[in-house]
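Data first, discussion second: the structure below is written as structure tokens.
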Amino acid sequence: DLALEVCGLTKIYPDGTLAVDDIDFSITDGDFCVLIGPSGCGKSTTLHSLVGKIPVTEGEIRLGGKNVTDAPTYERDIGLVFQDFQLFPHLTVEENIAYGLERLGVEKDERTTRVNDIVEMMRLGDLIERQPEELSAGQKQRVALARSMVLEPRLLLLDEPLGDMDYKLQKHMERELLRLHRELDTTFVYVTHDQTQAMRLADQIVVMNDGKVEQSDTVERVYNEP
Ligand code: ADP
Ligand code: ADP
């Protein structure tokens, strides 16, 4: 089954910039997809269109077979993890993770169960009382992931989430992400400009350049071409 289908997506900003030019790609349910391309090629614009943060100019976005092109963000069932994590600074780790469930009106008992499950899976048990400022970069990353994953989105978008980390921590977090991807059984869309990262992480790669999708295929076929 397809988790995501993007058909003829085009985005022209109000100032006339053609940021995304009639792109097509699809992602199979459960895949780890890496969206890659140089700075300015349209990755963020694509991501923001998927989430519903910006209106598209033309084209269609389907999630799990459902047309969500004009649906509001909260109806899209997409989780988003930013490069700078954007944790709520005044809330503890536990409160950060529970926040979305509270807003959705999930009852206390179920909230507690779901938060505890994800805390265990992400190995955050020792940190739940801490404030974000008391966490390392790797720990913040795990909290940001937990906060999205607890909502059980159909698709998890990760916008250069390891961009600011040093190499050693990056490698560690890549292994964590691959483990979580296996355990959570969710479709990941991971945005980066780093080809070596893409090769380590991806099942499928979508290569963008200058507002277009140049290739969309398995990692083996994209990087082993004659
Ligand atoms: P990437 O994420 O790959 O760096 P972006 O999607 O941010 O690429 O940008 C694609 C193109 O759209 C670039 O030329 C960029 O300058 C332009 N762009 C991005 N945001 C806006 C905006 N709000 N208004 C006008 N042009 C924009
Ligand atoms: P854990 O070790 O509990 O998984 P982290 O994911 O935060 O916690 O850290 C993973 C590894 O990266 C550890 O070896 C840790 O010492 C190291 N590390 C943590 N934060 C940083 C950082 N900001 N810069 C460099 N290395 C870090």
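The values are calculated or read from the model by the stated rules, or taken from the named source; none is laboratory data. Just so it is clear, the structure is predicted and the values come from calculations on it, not from any experiment. Note that each Cβ is placed from the backbone with ideal geometry, even for glycine, and that neighbours are counted across all protein chains shown. In case anyone asks, the SASA skips ligands and DNA or RNA and just uses the protein heavy atoms, side chains included. Shrake-Rupley method; radii C 1.70, N 1.55, O 1.52, S 1.80 Å.
Open to solvent by 10 Å² or more (accessible area, probe 1.4 Å) and more than 26 Å from Asp29 (Cα to Cα): is that true of Glu94 in this structure?
When the stated conditions are applied, Glu94 passes them.
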Could you please tell me which pairs satisfy a Cβ distance under 6 Å, a separation of 6+ or placement on different chains, a first residue in the range 1-21 that is over 22 Å from Arg76 (Cα atoms), and a second residue that is outside any loop (DSSP other than H, G, I, E, B) and of a type in the set (Val, Ile, Thr)?
Leu18/Ile12; Ala19/Thr45
Scan the range 52-67 and give yes if some residue there is within 16 Å of ligand 1 (Cβ to nearest atom), in a loop (DSSP other than H, G, I, E, B) and buried (at least 19 other Cβ atoms within 10 Å of the Cβ), otherwise no.
yes
Identify, by number, the condition in (1) crowded, with 21+ Cβ neighbours inside 10 Å; (2) of a type in the set (D, E, K, R); (3) within 16 Å of ligand 1 (Cβ to nearest atom) that Arg147 doesn't meet.
(3)
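Being touching a Pro at 6+ places or on another chain (Cβ under 8 Å) and within 23 Å of Ala146 (Cβ to Cβ) is the filter; apply it to the range 180-206 and report the residue that is surrounded by the most Cβ atoms within 10 Å (Cβ to Cβ).
By that ranking, first place goes to Tyr190.
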Strands (runs of 3 or more DSSP E) (entirely within the range 153-226) containing at least 2 residues that are more than 16 Å from ligand 1 (Cβ to nearest atom) and on the phi < 0 side of the Ramachandran plot
155-159, 187-192, 212-218
Could you list, in sequence order, the residues of the range 9-34 that are open to solvent by 40 Å² or more (accessible area, probe 1.4 Å) and either assigned to a strand (DSSP E or B) or more than 12 Å from ligand 1 (Cβ to nearest atom) (or both)?
Ile12, Leu18, Asp21, Asp22, Asp24, Ser26, Thr28, Asp29
